[in-house]
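The values are calculated or read from the model by the stated rules, or taken from the named source; none is laboratory data. Just so it is clear, the structure is predicted and the values come from calculations on it, not from any experiment. Because the Cβ atoms are built from the backbone with ideal geometry, glycine has one as well, and the counts that use them run over all protein chains shown. Keep in mind that these areas ignore ligands, DNA and RNA; they rest on the heavy atoms of the full protein, side chains included. Shrake-Rupley method; radii C 1.70, N 1.55, O 1.52, S 1.80 Å.
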Amino acid sequence: MTARTALPRRTDNDQVLRNLGLVGVLAALVVIGIVTRPELYSDPAWVRNNILTILQQASAIGVVTVGMTFVIIGGGIDLSVGAIIALAGVWSTTLATQAYGAAGMIFTALVVGLAVGLVNGVLIAYGKLVSFIATLAMLVSARGLAAQISGKQTQVSTNDTINSIASSRLIGIPVLVWILAAVVVAGWVLLNRTTFGRRTVAVGGNPEAARLAGIDVKRHTMLLFVLSGLCCGIAAIMLTSQATSAQAAMANLYELDAIAAAIIGGTLLSGGRGTIVGALFGVLVFSTITNLFAINNLATEVQNMVKGGIIVAAVLLQQFRYRSLTNLLRRRNDPDIS
Amino acid sequence: MIRISRRHALLGGATIGAGVALTACTSNDPADTAQVKTDTSGNANAATGPKVVIGFSAPAADHGWIAAITNNAKAQAAQYSDVELRTVEAGADAAAQRAALATLIAQKPNVIVMLPHDGKELNATGLEAMRAGIPVVNLDRAFPSAAAYRLQIKGDNYGMGLAAGQYIGEQLKAKGVSNPIIGEIPGIDSLELTQERTAGLNAALAVYGFKVANRRPAEFTADSGQAAATALLQALPKMDALWNHDDDQGIGVLAAVKQANRGEFFMVGGAGSKTAIEAITKDDSVLKATVTYSPSMASSAISLARLIGQGKGMSDLVELQVPKEITLASETITKDNASKYAKLGF
């Protein structure tokens, strides 16, 4: 009992340390790149372009990861994000939607994302389905609906405004990266500076305590899935712009990438703790690994193994640090244990 | 009693409005894209013969190529007044397709045309149909047992790689590039067809003393093609040629090339989609050629199934019956012959 009360609260300091660790991993990856391909890294123009490319390729999955981080902190999981992107992408690129122009396409993608998120949220919060099951069912059915709508074809976007999002830059930075930055900042503010954020942590940490404290846990849980759906709608536009098309099989396995990025960023899978900045670093680590393997022409099989290894290492580190801190505090509080 | 506030009523109204607006947006006017053989002048085989019931089964995969296979089969069957096509949904996997085919076999069609989920897993079903006296036409994915099919018609994956490699080799040789940097973007790397395509490419390039500098697999989807191409372009700041195995993922590859503002190399596609053929015709991108793996084989399969059902042979051949195996040649589509292939794009 004393040990339980002596558990340290995760401080901001601790999170900064963890993020520094991820920055260290990123730096190590860059050093490996410099050592293995010095001729590429000796060209400053290439280096600049490479950084922007890594950020750009991380942008769509980054937006999804922000939504996923909220869901996981709130004690849930969203396995349907890839499927929502596919459905939103396909729905916004049908010939009928494209007739409404760029605004119509963006509106459609966002509304589809919100609506699917709402269905997920209602099923989980009010239907009392476990989020794993509800979003697994949504994964299957949303991809099914996307295949139905698209007739299993790749739908090419003929809208120049949409297509140019991915190739445009603002003050030298790709527009996609600006979108990611905006979503990350909004996510950070929402989580750390609003009651919504505090409630998310409370609901994920201990739903019963949150309910007793007067939080409408059901409504909040529902809103978290709506938020994740909205992020998927935004990502669908970004991905459609990058691929200048959409299809039912797009954003394949994005759910796993987003969950993995959130986890190595320090988000607890059991809920109650996590950060947006950590999740962003998680996404960047994966994007940098992809880049590192590409410039060295290494097989993607090995790349997947390395990714898996990093996930395991990150979680092990998390547990190790947590335990050692706990032990340290126990010793301080209780001189008998030594 | 439930009180509905004005805010809720407004919100609900907006939601329903958005829903109505959205459902109007799902329509996709299906363009007439089927590949059919219509020229029947002076061909004795074209004359209406005894009625043939053809059972058809293909997987419901979410790729343009498979969609074209089913569309082509239906469109070709519609060309013949003496053919009745019975399509059964193949479901999501080999087990579902086995079950669907069992019902089909029980209906005793004259011929069965099928694109199996997996040739090995549906071999037994092929044998069962043949034993029941129903000739089986295997589309593209071969059965291991020769007794399980009457006719096999398939594309040539190794030949595709060979054709792409030959085109790349010839072009680079003509340009006098001695030590070219060649990139490759295959589809799903664990598939046998991908490995065959890559083997063909490497064999053809070896003839010229060339080899692939970097290889980034995608997953047959446009967004994965975009990601793979972006990585490849970053790894090779200068490139001479690129082979992308699949035109569907090629949409994303071409987008990535544009986004990276590159254009110093030429690209060869794979499969022969309508979008790719149009791009080659317009000649406004790096895509200069594509090597075919045409879903028109489904149209041919239906025509040949009809001949088998009527006991006729192919009119240009001496033999009285349709041959047992046909492998389509992978043809190279360039700007020069693109107009000829325009109607074969899918």
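Structural remarks
- Among the lysines of segment B:157-292, pairs at least eight places apart or on separate chains and with Cα atoms under 20 Å apart come to 15.
- By the rule of a C-alpha distance below 28 Å, with chain neighbours fewer than 8 residues away ignored, the lysines paired with B:K324 are B:K37, B:K51, B:K74, B:K108, B:K120, B:K154, B:K312, B:K343.
- Candidates per trypsin sites (Lys or Arg not before Pro) in segment A:184-241, loop by DSSP, up to 16 other Cβ within 10 Å: A:R193
- Calculated FRET efficiency for the pair B:K175/A:L20, C-beta based, R₀ 56 Å, to 0.05: 0.65
- Exposed GluC sites (Glu not before Pro) absent - longest run of chain B, DSSP non-H/G/I/E/B, at most 11 other C-beta within 10 Å: B:1-263
- Accessible surface of A:D43 - all protein chains present, 1.4 Å probe, nearest 10 Å²: 70 Å²
- The ratio of the alpha-carbon radius of gyration of the protein assembly as shown to the globular-protein estimate 2.2 N^0.38 Å is 1.07.
- The portion of the accessible surface of chain A made up by carbon and sulfur, rounded to a whole percent, is 68 (1.4 Å probe; DNA, RNA and ligands excluded).
- Å² per residue, accessible surface of segment B:157-292 at 1.4 Å: 35 Å²
- Rg(Cα)/(2.2 N^0.38 Å) for chain B, N = residue count: 1.16
- Cα shape, segment A:12-324, gyration tensor, a/c 1.5 rule: oblate
- Rounded accessible area per residue of segment A:12-324, 1.4 Å, Å²: 40 Å²
- For the residues A:T161, A:T69, A:T221, a GNM of chain A with alpha-carbon springs under 10 Å puts the largest fluctuation on A:T161.
- Reducing segment A:184-232 and segment B:261-305 to their Cα centroids gives an inter-centroid distance of 49 Å.
- Chains A and B together bury some 3300 Å² of accessible area, summed over both sides, with a 1.4 Å probe.
- Across A:V201, A:V226, A:V312, mean-square fluctuation computed from a Gaussian network of chain A (C-alpha pairs under 10 Å connected) peaks at A:V312.
- Each residue of segment A:265-279 is assigned a 3J(HN,Hα), and the resulting list reads x, x, 7, 6, 5, 7, x, x, 8, x, 9, 6, 4, x, 4 Hz, derived from the Karplus form 6.51 cos²θ - 1.76 cosθ + 1.60 (θ = phi - 60°), x at Gly and Pro.
- In loop segments of segment A:121-199 as defined by DSSP, the chymotrypsin sites (Phe, Trp or Tyr not before Pro) with at most 16 further C-beta atoms inside 10 Å of their C-beta are A:Y126.
- Among the protein heavy atoms of chain B, carbon and sulfur supply 55% of the accessible surface, probe 1.4 Å, non-protein parts ignored.
- Of all DSSP beta bridges confined to chain B, the antiparallel ones make up roughly 10%.
- Taking amide hydrogens as placed 1.01 Å from N in the peptide plane, the amide H of B:Y293 sits under 5 Å from those of B:A271, B:G272, each at least 5 positions away in sequence or on another chain.
- Other protein chain Cβ atoms within 10 Å, averaged over every residue that makes up A:286-297: 4
- Here's how it looks for B:T87: its modeled amide H is under 5 Å from those of B:F56, which are all 5 or more places away or on a different chain.
- ³J(HN,Hα), Karplus 6.51/-1.76/1.60, whole Hz, each residue of segment B:51-56, x for Gly, Pro: 5, 10, 9, 10, x, 10
- Across segment B:68-74, rounded Karplus estimates of 3J(HN,Hα) from the backbone phi angles (6.51 cos²θ - 1.76 cosθ + 1.60, θ = phi - 60°) give 5, 4, 5, 4, 4, 4, 5 Hz, Gly and Pro being marked x.
- Comparing A:F107, A:F225, A:F320 in a Gaussian network model of chain A where C-alpha atoms under 10 Å apart are linked, the largest mean-square fluctuation is found at A:F320.
- Mean Cα-pair separation over length for segment B:157-292, i.e. relative contact order, pairs under 8 Å, 6 or more apart, %: 25 percent
- When A:K152, A:K307 are compared by accessible area at a 1.4 angstrom probe, the order from most to least is A:K152, A:K307.
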